[in-house]
1. Report relative contact order for the chain in percent, whole number only (criteria: Cα-Cα under 8 Å, sequence separation at least 6).
2. How many percent of all Cα-Cα pairs in the range 74-174 sit more than 24 Å apart?
3. Under 5 Å between amide hydrogens, which residues at least 5 positions from Gly351 or on another chain qualify, with H placed 1.01 Å from N in the peptide plane?
4. To the nearest 0.05, what FRET efficiency results for Thr395 and Met1 with a Förster distance of 60 Å applied to their C-beta separation?
5. Add +1 for every Lys or Arg and -1 for every Asp or Glu among the other residues with Cβ under 12 Å from the Cβ of Thr29, and state the total.
6. As I understand it, the dipole of the range 166-259 uses +1 on the Cβ of Lys and Arg and -1 on the Cβ of Asp and Glu, about the Cα centre. Which of Gly223, Gly178, Ala198 lies farthest toward its positive end?
7. Relative to a virtual label point 7 Å from the Cα of His44 in the Cα→beta-carbon direction, which members of the range 70-98 show backbone nitrogen distances below 13 Å?
8. Roughly how many debye, to the nearest 20, is the charge dipole of the chain about its Cα centre, given +1 on each Lys and Arg Cβ, -1 on each Asp and Glu Cβ, and no other charges?
Amino acid sequence: MNPIHVVGIGLEGAAGLSAAVQEIVDRATLLVGSDRHLAYFLQHPAQRLTLTDISQTLRQVKERLSSEIIVILVSGDPLFFGLGRLLLSYFPPEQLCFHPHVSSVQLAFSRVKVPWQGATMVSIHGRDFDELVTALQKGASPIAVLTDPLHAPGAIARLLLNLDLPTSYQFWVCENLGGTDEQIQNLSPQEALMRTFAPLNIVILVQKTENDSVDLEDLPALGIPDRHFHSFGDRPGLITKREIRLLILGELALQPKQTIWDIGAGTGSVSMEIGRLVPTAHIYAIEKTAAGIQLIQKNARRFGVANVVSIQGKAPDILRQIPAPHRVFIGGTGEDLQGILACCLATLLPGGKIVMALATLEHWQQAIAWIDRHQLTYRVLQIQVSRSLPVGRFTRFAPLNPVTLLTIEPFDSRAKRAY
């Protein structure tokens, strides 16, 4: 029985085939492919099967295996988001012989001149944006995106603008790769929103070199967009999100000239908001990692905040070396939440508040157990926020991780216990 030859082909058609592959096609007695691929071989004497209903066509191929020399024409590399995977589910591997062409992704990266051995490949052809969203939130780069008419470059551009990412990307659209009307464009997401593109296109996203400058006049007084913060390279989404920061500021009830501790400051996003909102405050951003301290300092320079002091050390030990606070925000606790709370309670000035952002049930249980032992008053704010996310022509909600804000006011006799 003759093998089924699966031949990859580009927009240049038969001219792009090697002599050996062209000879295989010439010997075929049955050509199978889309109308576009079959049109490259109008003079070929073989019978033809058009790939419209794929399942029905492959059943016909099976019926003619013993009597025909069969060539199936596909785009690029059949085993890269192509028909090859489906063929392997219909036929045993020994019955298939693959002859790949240069893939569209290879061509795209060669056109934009970006090495791609570590690239993330995402297909949104007939799929949703979830895999692409995950890659973008992780700060993956470069990313090759295979599109379709619904999930076109404009839809990807809208997604980028809606995600408010801490990472900025160059946005390349590569159309009709390998064809005479090939076009390569480097656009801003805003420009891509306003244009239409050829149906055959690939989007390449490449992380931009970090720019330390921000136009402070364009920033809101409250709620700095997440994308403006320097963040961890391997975890760009690890930041207290804008919506949560605004509620934290409300719970802290800040006043001028206060001393504030930001424990487990991470990138310093909460400290930056406080520093801009209350220029007379003295803010101590405590972070145990050297990488976090560098990010806090870089963000302070970026946002022109001069009243934030970054302190590297592990709480609660490091807290004994810092001036007593009027307000404490605990965003990261490590392994000793109760020790941190005890130190905060012992040093908190009269009229002070402690606000905690808790993301796990275990930390919530520890905090409540400690509060009960000390017979303190508290209140709870459960935060569940969703952001709009484009899905093709539609929009859905994408939830942020839920956060519980726990506020303790040890010196406020008016507060009532909350359960």
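The values are calculated or read from the model by the stated rules, or taken from the named source; none is laboratory data. Predicted, not measured: the structure shown is a model, and the values here were computed from it. FYI the Cβ positions are ideal-geometry reconstructions off the backbone, even for glycines, and counts take in every protein chain you see. The accessibility values were calculated without ligands, DNA or RNA, using every heavy atom of the protein model including side chains. Shrake-Rupley method; radii C 1.70, N 1.55, O 1.52, S 1.80 Å.
1. Details: 780 pairs, mean separation 45.6, N = 419.
The normalised contact order for the chain reaches 11 percent.
2. Values: 1515 of 5050 pairs.
When all Cα pairs of the range 74-174 are counted, 30 percent exceed 24 Å.
3. Phe411
4. On the way: r = 52 Å, r/R0 = 0.87.
Plugging the Cβ-Cβ distance into 1/(1 + (r/R0)^6) gives 0.70.
5. Details: positive: Arg27, Arg48, Arg64; negative: Asp26, Glu68.
Value of the local net charge: +1.
6. Towards the positive end, the residue furthest out is Gly223.
7. Only 70-75 pass the distance filter.
8. Working: 37 positive and 37 negative charges, 238 e Å.
That gives a dipole near 1140 debye.
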